[in-house]
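Participant: Got a structure for you, questions after.
The values are calculated or read from the model by the stated rules, or taken from the named source; none is laboratory data. Computed from a prediction, not measured in an experiment: that's the story for all the values here. Don't worry about glycine lacking a Cβ; one is built from the backbone with ideal geometry, like all the others, and counts go over all protein chains shown.
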Amino acid sequence: STTLTFRCAPTSMGWHDGMITILTDLPETPKFNYPISCAMKGDPDSPLAWRNQPPGPISAGQAPPGGQTTAKISVGNQGANPMAATVNLKDVLGDTIKFVLNIGAAVSAAGTHQDVTVPAGQTMTIDVTCAPNAPGLFTGTLEIATNDPLNPLLSYGISCEGVPAPSPEPLAISATSQELPQQRIMGMALSPDGSQLLAGHWDNNEIAIYSIPNAASGFLNFQTKFNAPGMNTITGIRYSADGKNVYYTSFGGNGIVTANRDTNGALTFANSLTSSTTQLCGVNPIKFCPIGTMGGARALDISPDDQNLYVTGINDDSLTVLTRNTTTGALGVSQRMTTTVDGLPILNGPFGVLVSPDGANVYVAARDADTVIAFSRQANGTLKYLTHVSDVAGPTVALDGPIELAISPDGRFLYVSSLNEDAVQILRRSTADGSIELQEAVAVGVDPYHILISQDEYGERLMVALWNGDGVNVYARDWQTGQLSAVAGQGALAADSPVFLVAPPDGRNVYAALFDGKGVLHMRSQRRAPVVQNLSPASVTAGSADSTLTVNGAGFYADSVVLWNGAPLATTFNTDRQLTAAVPAALKASAGTATVQVRTTAPGGGDSAALVMTIAAAGAAPIPSIASLSPAAATVGGEPLNVVISGAGFSAQSQALLNGVAVKTTYINASTLLVELSATDVVAPGPLAFSVVNEAAAVQAAQAGAAAASRPVAFAVSDGSSPVQAAISGFQPGSL
């Protein structure tokens, strides 16, 4: 470790603030920021209000409605005499923000006003708690008045954001599809276009071919069967990404089958490679040798570039690398491994194999070695040993009998089903080189066999097939920590020995291969109830012409409909967070109010809570609105920053507010303002709140949520060690 010493030599009375930035070569934490302060006082006997960060905007963070989040502010007395202080929280939207004072062992009750005395040498810690009661931004002003002549008033603009709880859609059982005669199913795959499902038989050499005529309903129609002579007990199936070929492993045939696929999805046999297939192994003299691996071929995966396949052989402890001709689909052997990897006897009972989404790594679950092995993938598709993790005693490790693997869409976490421990092991993965390390183990039920992660941006849903547990468990996955939690509204999903799971990218339908159940179980996502957060415009003028209403929120679908006083409007789906609807002039004929909701039909769905739309009298002043911020985010410790606010309804008297505190604003035109932020305005990470009023006298009213202010818009502040997440930036216009 290294100790850094900083010296402060103030030349004037009062506090002096700065920011220390430390740059590193760590790809995941390239920068650390530390605020630093010092003070010069005149009277040595007077109280001196030390604070852990300078006055200005502070974010308390994000929480779902009904939850809470906290920011801490510390004010200490470094003087020789007691310091009198009055702490007051004002201009709070609703009963959402409160504070608790801690001085030594004394703790106050939660409230919004407190008179206290801070003894010399002690510190007052203020825990500011925000409990949002709805989605959206909430702001308030925390003022600390003291008898310190240098710091008579410290003012902090507080913000927090209510965000919908990040929970994926629950699943419900729809139907089971079976052939006649019924067959035990093991391997399964879904075509890249989602129109076809293949189910491999355990007890013979056949694959059942199902069509999926309607992607929305997801219902299966049995079409026909396909087989390759001698290649029985089908354990794994994969489509090439280009859809031209299907490949599947045969446990009984000790190898892999290649099938060609036409534009209608029909399969024709191309060839098979087995452990006894011979290949050229010498030229002087010419010599042919058997491949010698893929005994008890178990699992396979294909690289994202379609150029390589990787096959495990559980009977001969092998891993075989195959090169694919992207024109013909033909396979050739390029590398073979058995038992020993880089001198280590860890390739025992290799079961599942997985290629990372970036194509940089391959991972193998070695069941009998209680080990997960990580390989680096070379330019030609061959593999080089990188590292491995193995089972050890402890509550955070469950790698006794690892069999299958899944990886998060961002490549930061691996999940391993541990058959003998009834658990899923979570591994952290470095996106720099693909190395892995143990994180934690999660008990999931009896005999977890296969894991599937949804293909949405954050991989928010993780499903586990429980072979002898006779069910499918569904979990919400935290994309930042990788941790698993319960899914709101999820019921039990009974299934007769599920062993494999597949789903299309949209996740609306999920299919489970049933071993003892001898069929394919179809499950459907239950759609979320919509949440409406903002309307644009914020008001309309009585007697105005036909107009367009923009509804912003969450949980919208392509067939969601905007309701005006309960009646449907012609609605256009933009994203899952935005709809637009046509509002006829007849609905705005006279002044008054209307309710606006969104309705989503089954499965799941429902009606959102209503927002009120004001139909204003002609001549009423427009409400300012923010359409976008440029930039929409900043980094703690950055340079002073100019932010362009684009919107509508601005005037020469417009004033921008950050967490309810006026910031330097320059009027450009009716749709543009320029705001100047100092480095001390962004001293901590979290969402801050921008808003605009059109008269300086309206600032206090805006802080209290008056309708004359624009709706607050989030301004994201990152700590510099993680990417800023995208968010809705604003709505335009605010009124018509």
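Participant: Which residue pairs have Cβ atoms closer than 6 Å, lie 6 or more positions apart in sequence or on different chains, and pair a first residue in the stretch 582-601 that is in contact (Cβ under 8 Å) with a residue 12 or more places away in the chain with a second residue that is acidic (Asp, Glu) and in a strand (DSSP E or B)?
Facilitator: Hits for this filter: 597/607; 599/607.
Participant: What's the number of the condition residue 336 fails, among (1) of a type outside the set (Phe, Trp, Tyr); (2) assigned to a loop (DSSP other than H, G, I, E, B); (3) over 22 Å from residue 436 (Cβ atoms)?
Facilitator: (2)
Participant: Looking at (1) within 37 Å of the chain's Cα centre (by Cα); (2) at pLDDT below 95, which is the one condition that is false for residue 282?
Facilitator: (1)
Participant: If you take the residues of the stretch 342-375 that are in contact with a Pro (Cβ under 9 Å, 6 or more places away or on another chain) and among the polar types (S, T, N, Q), which of them is nearest to residue 430 (Cα to Cα)?
Facilitator: Ranking the candidates gives 356 first.
Participant: Among the residues in the stretch 116-125, are any of a type outside the set (Lys, Arg), within 24 Å of residue 662 (Cα to Cα) and crowded, with 22+ Cβ neighbours inside 10 Å?
Facilitator: Within the stretch 116-125 (the criterion being of a type outside the set (Lys, Arg), within 24 Å of residue 662 (Cα to Cα) and crowded, with 22+ Cβ neighbours inside 10 Å), the answer is no, since none of the residues qualifies.
Participant: A follow-up question, please. Across the stretch 289-329, what is the number of residues that are surrounded by 24 or more Cβ atoms within 10 Å (Cβ to Cβ) and on the phi > 0 side of the Ramachandran plot?
Facilitator: Number of matching residues: 1.
Participant: So in the stretch 641-665, with the set limited to residues that are farther than 23 Å from residue 59 by Cα and not polar (S, T, N, Q), which one is surrounded by the most Cβ atoms within 10 Å (Cβ to Cβ)?
Facilitator: In this case the residue turns out to be 650.
Participant: Okay, moving on. Only residues that are surrounded by 16 or more Cβ atoms within 10 Å (Cβ to Cβ) and either of a type in the set (Val, Ile, Thr) or out of contact with any Leu (no Cβ under 6 Å at 6 or more places or on another chain) (or both): list them for the stretch 363-376, please.
Facilitator: Matches in the stretch 363-376: 364, 367, 369, 371, 372, 373.
Participant: Here is a further query. With the requirement that a residue be among the acidic types (Asp, Glu) and either at positive phi or at pLDDT 95 or above (or both), what does the stretch 465-495 give you?
Facilitator: Scanning the stretch 465-495 gives a single hit, 470.
Participant: Same structure again: When you go through 584, 498, 537 one by one, which is the residue that is in the same structural domain as residue 603 (by TED's automatic domain parsing), at pLDDT 95 or above and not polar (S, T, N, Q)?
Facilitator: Exactly one residue qualifies, and that residue is 584.
Participant: Quick one: residue 438 ticks every box in (1) at positive phi; (2) not in a loop (DSSP other than H, G, I, E, B) except a single one, so which number is it?
Facilitator: For residue 438, the failing item is (1).
Participant: While we're here: Filter the stretch 390-400 for residues that are within 20 Å of residue 462 (Cα to Cα) and not aliphatic (A, V, I, L, M) and give the result.
Facilitator: Correct list: 396 only.
Participant: Follow-up. Go through the stretch 146-172 and give me each residue that's more than 23 Å from the chain's Cα centre (by Cα) and surrounded by 17 or more Cβ atoms within 10 Å (Cβ to Cβ).
Facilitator: Answer for the stretch 146-172, where residues must be more than 23 Å from the chain's Cα centre (by Cα) and surrounded by 17 or more Cβ atoms within 10 Å (Cβ to Cβ): 146, 147, 148, 150, 151, 154, 156, 157, 158.
Participant: Another question, then. Here is a check on your reading of the model: is residue 236 within 31 Å of the chain's Cα centre (by Cα), assigned to a strand (DSSP E or B) and under 21 Å from residue 451 (Cα atoms)?
Facilitator: Answer is yes for this residue.
Participant: When the residues of the stretch 189-205 are filtered to those that are buried (at least 24 other Cβ atoms within 10 Å of the Cβ) and not small (Gly, Ala, Ser), which remaining residue is nearest to residue 504 (Cα to Cα)?
Facilitator: Top of the filtered list is 197.
Participant: Taking the stretch 455-504 on its own, how many of its residues are surrounded by fewer than 19 Cβ atoms within 10 Å (Cβ to Cβ), among the hydroxyl-bearing types (Ser, Thr, Tyr) and assigned to a strand (DSSP E or B)?
Facilitator: 1
Participant: Looking at residue 299, is it among the hydrophobic types (A, V, I, L, M, F, W, C) and closer than 27 Å to residue 389 by Cβ?
Facilitator: Judged against the criteria, residue 299 is a match.
Participant: Here's something else I'd like to know. How many of the residues making up the stretch 355-374 are free of Cβ contacts under 8 Å to residues at least 60 places away in the same chain and outside any loop (DSSP other than H, G, I, E, B)?
Facilitator: Result for the stretch 355-374: 9.
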